[in-house]
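Following: one structure in structure tokens, then a few remarks.
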Amino acid sequence: MSDSKNEATANNGQYGSSEQMKRETTELELSPEEEDIVAKMFRLVGKRWHLIAGRIPGRTAEDIEKYWTSKFSSSSTAC
């Protein structure tokens, strides 16, 4: 019985990895309200992503950092 449980866990790990890779390659979309919170919090606390993510339920610090860099890093380097 524990063998099948271990197999299920191993399979879940594989699916989790592919799901994670899919999530990393797709651009994170935030609602207008979430974008507003991110912008306001960034002005207050800078790149302390964990503090910003704490204000938006269901978002991680990594999510917020990826969103910010995908939206704003390319425009800031265009100068």
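The values are calculated or read from the model by the stated rules, or taken from the named source; none is laboratory data. A quick note: this is a predicted structure, and the numbers were derived from the prediction, not measured. Methodologically, a virtual Cβ is constructed for each residue, glycine included, from the backbone with ideal geometry; neighbour enumeration extends over all protein chains shown.
Contact map, segment 32-45: residues that are closer than 14 Å to Pro57 by Cα paired with residues that are surrounded by 14 or more Cβ atoms within 10 Å (Cβ to Cβ), Cβ distance under 7 Å, separation 6+ or inter-chain. Pairs shown: Glu34/Ile56; Ile37/Arg55; Ile37/Ile56; Val38/Leu30; Val38/Ile52; Val38/Ile64; Val38/Tyr67; Val38/Trp68.
Please specify each residue of segment 9-43 satisfying the condition of being among the basic types (Lys, Arg) and either at pLDDT 50 or above or surrounded by 10 or more Cβ atoms within 10 Å (Cβ to Cβ) (or both).
So in segment 9-43, the residues among the basic types (Lys, Arg) come out as 22-23, 40, 43.
Passing the criteria: Arg23, Lys40, Arg43.
Considering segment 57-75, the residues that are surrounded by 14 or more Cβ atoms within 10 Å (Cβ to Cβ) and over 8 Å from the mean Cα position of the chain (by Cα) include one that is modelled with the lowest pLDDT, namely Lys71. Of Gly46, Gly54, all but one fail to be of a type outside the set (Phe, Trp, Tyr), modelled with pLDDT of 95 or more and at positive phi; the exception is Gly46.
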